[in-house]
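The values are calculated or read from the model by the stated rules, or taken from the named source; none is laboratory data. Predicted, not measured: the structure shown is a model, and the values here were computed from it. Cβ sites come from the backbone with ideal geometry, for glycine too, and all protein chains shown count toward neighbours.
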Amino acid sequence: MSAEVTEHTELFIGGRWVQPTGTDVIEVVSPHDGQIIGRVPHAAVADVDRAVAAAREAFDHGPWPRMTVQERLEVIGRITELMGARAQEFAQVISRQNGSPISWSLTNQVMGAIGHFAVTAQVAAAFPFHEEKQGMRTPLVVRREPVGVVAAIVPWNVPQFTSSSKLAPALAAGCTVILKPSPETPLDAYLFAEVAAAAGLPEGVLSVLPADREVSEYLVSHPDIDKVAFTGSVGAGKRVMEVAAKNLTRVTLELGGKSAAIVLPDADADDVVRTVMTGSYLNNGQACVALTRILLPRERYEELAGRIVEAVTALKVGDPLEEETQVGPLVSRRQQARNLEYISIGQEEGAKLLTGGGVPEGLEKGAYVEPTLLGDVTNDMRIAREEIFGPVVCLMPYGTEEEAVAIANDSDFGLSGAVVTADVDHGLEIAQRIRTGTFTVNGFCIDLTAPFGGYKNSGIGREFGAAGLTAYLEQKTIALPAS
């Protein structure tokens, strides 16, 4: 991986590149070898004030909310085209800063982000922003209008994908946005700012402010913010909700997960392995939707565990910029230490280390953790209840189907899940019994056209498709005189 350092000295505020008010700098560190690969200004409270003022002015008096939907979609179309033209560049930047394998960065992080804009454009083009209907007594007009100034706060694991899941519907709705990327991964947000400017977003519509939690909290607390869209940890999400409540600021929270895959006794072994490989170790295991609890029928436990161990052991770990890499480094040494600690905790609790468990040989300079499987896990163990956020997966034996459903639902989270079975109709029945926002029968799938979000501690509200667009709209009912 190249040690080339990307230097940014300005902030993108209201569509213009401006000097920051402070002198603090964020250094972006390569998770592959620990070298500094980028520097960006650390936004200060005064920069937040400037960005919010620009967004407020643009929303209250500027052209963006007052354009027709089609006019806004023309700009969004140009954003989509420009991102596509720079897709390889986006992918390289994302892999360098957060360790995603380059093939995954391109197909999921970047093309997924482009997909958000494309799907949102299709949804918005047919969306009933203005609806006339007959009420109980009088004719009515029901309007869906932009919510206002949006603070979009995104994490480091899938930065461009989560940014676009907020930016695309917010912009299509006519909102103005302050994007707050994570200090670990701000470089791709700068690329997006360049794209947005080239696409012709009007002045004030978009700002990009890399910053830490303190500045983020100030942004959330700002009285001129109308909505906060947040993706991150449960603890941070609770704090966002607490701070936003003081102004009754609307919130959408997409938080953590500890998703279960229920393998039924009739499951095909190849389907089981495929589900684990696609759903458990994606993005180095740094995915809120990852299937981290694999529930295996006791009568087939040894057989299926052996097959899964074989597949996990064969995963290619290495430099995220190499095409053959399947698992790269975690985003930081902090996350590496967290994963290794959980592996130790699991073994202390009685789990059996089946494969992995340490730092890959020859990759000690980076934040690497071997793809790990812990077997004989029970649902009372911390490794089964707490989000580890890395390539660490639990294999859990169960007796009856009722027991498997109970284990899957016995969690503070409810974001994703899966069932593997030869009987698809029965798999659908299982899906309807699991308290989770997304679920797959035989495999792992997140669809950009369908509502995405979680039950319980996994969040509040939904993103993607029509549900995601609706989250950035207020509904207004106008009663007209009876004829």
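Going by the conditions given, is Leu295 within 21 Å of Cys445 (Cα to Cα), assigned to a loop (DSSP other than H, G, I, E, B) and not assigned by TED's automatic domain parsing to the domain that holds Gln97?
Details: within 21 Å of Cys445 (Cα to Cα): yes; assigned to a loop (DSSP other than H, G, I, E, B): no; not assigned by TED's automatic domain parsing to the domain that holds Gln97: yes.
No, not satisfied.
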**OP:** Quickly run through the range 402-444 and pick out the residues that are over 22 Å from the mean Cα position of the chain (by Cα), β-branched (Val, Ile, Thr) and not in a helix (DSSP H, G or I).
**Re:** Val419, Val420, Thr421
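Within the range 182-281, considering only helices (runs of 4 or more DSSP H) that don't extend past its boundaries, which have at least 2 residues that are farther than 30 Å from Ala418 by Cα, in contact (Cβ under 8 Å) with a residue 60 or more places away in the chain and in contact with a Gly (Cβ under 8 Å, 6 or more places away or on another chain)? Spell out how you get there, then give the answer.
Details: elements: 187-199, 213-221, 234-245, 269-279.
Helices (runs of 4 or more DSSP H) meeting the threshold: 187-199.
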Original post:
In the range 376-395, what residues are among the aliphatic types (A, V, I, L, M), closer than 20 Å to Lys456 by Cα and part of a loop (DSSP other than H, G, I, E, B)?
Top reply: Met381, Ile388
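Can you tell me which residue in the range 103-136 is farthest from the chain's Cα centre (by Cα), limited to those that are hydrophobic (A, V, I, L, M, F, W, C) and more than 22 Å from Pro65 (Cα to Cα)?
Only one residue fits best here, namely Met136.
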**OP:** Report yes if Asp33 is over 27 Å from Val123 (Cβ atoms), surrounded by fewer than 19 Cβ atoms within 10 Å (Cβ to Cβ), out of contact with any Lys or Arg (no Cβ under 6 Å at 6 or more places or on another chain) and at pLDDT 95 or above, otherwise no.
**Re:** no
**OP:** Could you tell me whether Thr68 is free of Cβ contacts under 8 Å to residues at least 40 places away in the same chain, among the hydroxyl-bearing types (Ser, Thr, Tyr) and under 23 Å from Ser216 (Cβ atoms)?
**Re:** no
Original post:
Any residue at all in the range 283-294 that is more than 29 Å from Gln97 (Cβ to Cβ) and either touching a Cys at 6+ places or on another chain (Cβ under 8 Å) or buried (at least 24 other Cβ atoms within 10 Å of the Cβ) (or both)?
Top reply: yes
Subject >> Close pairs from the range 336-351: first assigned by TED's automatic domain parsing to the domain that holds Lys365, partner surrounded by fewer than 17 Cβ atoms within 10 Å (Cβ to Cβ) and assigned to a helix (DSSP H, G or I), Cβ under 7 Å, at least 6 apart >> reply: Ile345/Arg382; Glu349/Arg382
Original post:
What is the one condition in (1) modelled with pLDDT under 95; (2) touching a Cys at 6+ places or on another chain (Cβ under 6 Å); (3) of a type outside the set (Asp, Glu) that Arg137 does not satisfy?
Top reply: (2)
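Any idea which residue in the range 369-422 is nearest to Glu254 (Cα to Cα), counting only those that are among the acidic types (Asp, Glu) and without any contact (Cβ under 8 Å) to a residue 60 or more places away in the chain? Full working, then the answer.
Of the residues in the range 369-422, the ones among the acidic types (Asp, Glu) are 370, 376, 380, 386-387, 401-403, 410, 412.
Now narrow it down to the ones that are without any contact (Cβ under 8 Å) to a residue 60 or more places away in the chain: 370, 376, 380, 402-403, 410.
Numbers: Glu370: 28, Asp376: 30, Asp380: 25, Glu402: 29, Glu403: 28, Asp410: 20 Å.
Among them, the one singled out is Asp410.
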